[in-house]
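Below: the structure, in structure tokens.
The values are calculated or read from the model by the stated rules, or taken from the named source; none is laboratory data. Being a predicted model, the structure only gives us computed values, none of them experimental. Neighbour counts run over all protein chains shown; Cβ positions are idealised from the backbone, glycine included.
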Amino acid sequence: MTESNQLGTTESNRPLSGKIALVAGATRGAGRQIAVQLGAAGATVYATGRSTRGQRSEIDRPETIEETAELVTRAGGVGIGVPVDHLEPERVQALVERIDREQGRLDVLVNDIWGADSMIGWDQPVWQHSLTDGLRTLRLAIDTHLITSHYALPLLIRSPGGLVVEMGDGTREYNDSTYRLNAFYDLAKVAVTRLAFSQAHELREYGGTAVALTPGWLRSETMLDLFGVTEENWRDATDKQPHFVISESPAYAGRAVAALAADPDRARWSGQSLSSGQLARVYGFTDLDGSQPDAWRYIVEVQDLDRPADATGYR
């Protein structure tokens, strides 16, 4: 069985063939699998990040942007890895100019840049939280997305039908009613959903769509390492954290983005805050294990109410 078939596509089912995507922040986690799943649907994907085989970012993990590009190609698309720090406007401008020069169009932009996990001060009030780390978090979460959109959207709006996906953590409804770890993190996650709303308004006259998308409890490379498990035996982590039973692989969010990009009626979602579990019920895709975890409903109805961990009816 080919990897593309394992990912749920076949040679005759590549709805994104001929489409050009930019996944900004694709070194690992959701960004990597968004790039892979777009590739599995036939897209050419420019995957950016700061960690390469020659140099790691301050996150200091082994995943590289070259590996992501190779996975995209192996899945059936064309993967092009480009080292970019999205806080440097001139490098983002050069990236978009390259896409224009090589492809002449851009159909999908995914803003998934983050990289601030190590700076989160859990439940630290604003006066106790490191100001340096807090402001850096906001720059990574907000400035990077704005810089990328500033340069990429003129290329995306050349043709109607373009899609912008702002990746965040938490639905708008959840974030509007829930304190998220600390003031800096809270602001960053609220800002991402609002940015999708704003861009939806600005893209409307050009036939473009912008949405915010959140995965659930993500089994990223970092999270798997934290629990000392792999994707194959991830359920063993529920001994340490029972609510991990609702977790999802990064491929689930990737399939959500691919489904949106392939939907000719995707404009119906424009300006909305969406989740991978929500879109799975609409489009019918599954996670790698064939389930459809609905993490945000579980978090509200089970985890936040301190009920015993039980994913029955939620995946």
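Looking at (1) in contact with a Ser or Thr (Cβ under 8 Å, 6 or more places away or on another chain); (2) among the hydrophobic types (A, V, I, L, M, F, W, C); (3) not in a helix (DSSP H, G or I), which is the only condition residue 184 fails?
All conditions are met except number (3).
Would you mention how many residues in the range 42-100 are among the polar types (S, T, N, Q), buried (at least 20 other Cβ atoms within 10 Å of the Cβ) and assigned to a helix (DSSP H, G or I)?
So the count comes out to 1.
Show the residue pairs that are 6+ apart or on different chains and have beta-carbon atoms under 8 Å apart, the first residue being within the range 274-286 and in contact (Cβ under 8 Å) with a residue 24 or more places away in the chain and under 16 Å from residue 110 (Cα atoms), the second being in a loop (DSSP other than H, G, I, E, B) and among the hydroxyl-bearing types (Ser, Thr, Tyr).
Filtered contacts from the range 274-286: 274/171; 275/171.
Yes or no, residue by residue, for (1) out of contact with any strand residue (DSSP E or B) (no Cβ under 7 Å at 6 or more places or on another chain); (2) touching a residue at least 40 places away in the same chain (Cβ under 8 Å):
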position: 116; (1), (2): yes, yes
position: 123; (1), (2): yes, yes
position: 126; (1), (2): yes, yes
position: 130; (1), (2): yes, no
position: 135; (1), (2): yes, yes
position: 140; (1), (2): yes, yes
position: 144; (1), (2): yes, yes
position: 153; (1), (2): yes, yes
position: 164; (1), (2): no, yes
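Does residue 176 satisfy the criteria of being within 19 Å of residue 136 (Cα to Cα), over 16 Å from the mean Cα position of the chain (by Cα) and surrounded by fewer than 17 Cβ atoms within 10 Å (Cβ to Cβ)?
So residue 176 does not fit the description; no.
Any residue at all in the range 139-154 that is within 21 Å of the chain's Cα centre (by Cα) and closer than 13 Å to residue 207 by Cα?
Yes - at least one qualifying residue is present in the range 139-154.
Residue-by-condition table, conditions (1) touching a strand residue (DSSP E or B) at 6+ places or on another chain (Cβ under 8 Å); (2) at pLDDT 95 or above:
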residue	(1), (2)
1	no, no
7	no, no
75	no, yes
87	no, yes
99	yes, yes
106	yes, yes
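Residues are listed down the side, and each one gets a yes or a no for (1) part of a strand (DSSP E or B); (2) under 17 Å from the mean Cα position of the chain (by Cα); (3) small (Gly, Ala, Ser); (4) at pLDDT below 95:
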position	(1), (2), (3), (4)
264	no, no, no, no
279	no, yes, no, no
286	no, yes, no, no
291	no, no, yes, no
300	no, no, no, no
304	no, no, no, no
309	no, no, yes, no
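Only one of these is over 30 Å from residue 264 (Cβ atoms) and crowded, with 21+ Cβ neighbours inside 10 Å: 141, 152, 212, 196. Name it.
Exactly one of 141, 152, 212, 196 is over 30 Å from residue 264 (Cβ atoms) and crowded, with 21+ Cβ neighbours inside 10 Å, namely 141.
Please go through the range 277-296 and give me each residue that is closer than 20 Å to residue 169 by Cα and in contact with a Ser or Thr (Cβ under 9 Å, 6 or more places away or on another chain), ordered by number.
The answer is 278, 280, 287, 292, 293, 294, 295, 296.
Hey, any hits in the range 109-121 for a residue that's in contact with a helix residue (DSSP H, G or I) (Cβ under 6 Å, 6 or more places away or on another chain), buried (at least 22 other Cβ atoms within 10 Å of the Cβ) and more than 22 Å from residue 60 (Cα to Cα)?
Checking the range 109-121: at least one residue is in contact with a helix residue (DSSP H, G or I) (Cβ under 6 Å, 6 or more places away or on another chain), buried (at least 22 other Cβ atoms within 10 Å of the Cβ) and more than 22 Å from residue 60 (Cα to Cα).
Taking the range 101-146, which residues are closer than 11 Å to residue 182 by Cβ and outside any loop (DSSP other than H, G, I, E, B)?
Of everything in the range 101-146, those that are closer than 11 Å to residue 182 by Cβ and outside any loop (DSSP other than H, G, I, E, B) turn out to be 119, 133, 134, 137.
For the range 281-302, give me the residue count where each residue is under 25 Å from residue 232 (Cβ atoms), touching an Asp or Glu at 6+ places or on another chain (Cβ under 8 Å) and surrounded by fewer than 22 Cβ atoms within 10 Å (Cβ to Cβ).
Total meeting the criteria: 1.
Out of all the residues in the range 197-238, which are within 24 Å of residue 115 (Cβ to Cβ), in a loop (DSSP other than H, G, I, E, B) and small (Gly, Ala, Ser)?
The answer is 216, 220, 228.
Which of (1) crowded, with 22+ Cβ neighbours inside 10 Å; (2) closer than 30 Å to residue 160 by Cα; (3) not basic (Lys, Arg) does residue 248 not meet, given it meets every other one?
Residue 248 satisfies every listed condition except (2).
Would you check if there is a residue in the range 120-139 being closer than 24 Å to residue 47 by Cα, at pLDDT 95 or above and of a type in the set (A, V, I, L, M, F, W, C)?
Looking through the range 120-139, at least one residue is closer than 24 Å to residue 47 by Cα, at pLDDT 95 or above and of a type in the set (A, V, I, L, M, F, W, C).
Return the residue satisfying two criteria in turn: it lies in the range 13-40 and is touching a Ser or Thr at 6+ places or on another chain (Cβ under 6 Å) and hydrophobic (A, V, I, L, M, F, W, C), and of such residues it is nearest to residue 162 (Cα to Cα).
20
Give me the residue from the range 11-60 that is polar (S, T, N, Q) and modelled with pLDDT under 95 and, out of that set, farthest from residue 117 (Cα to Cα).
12
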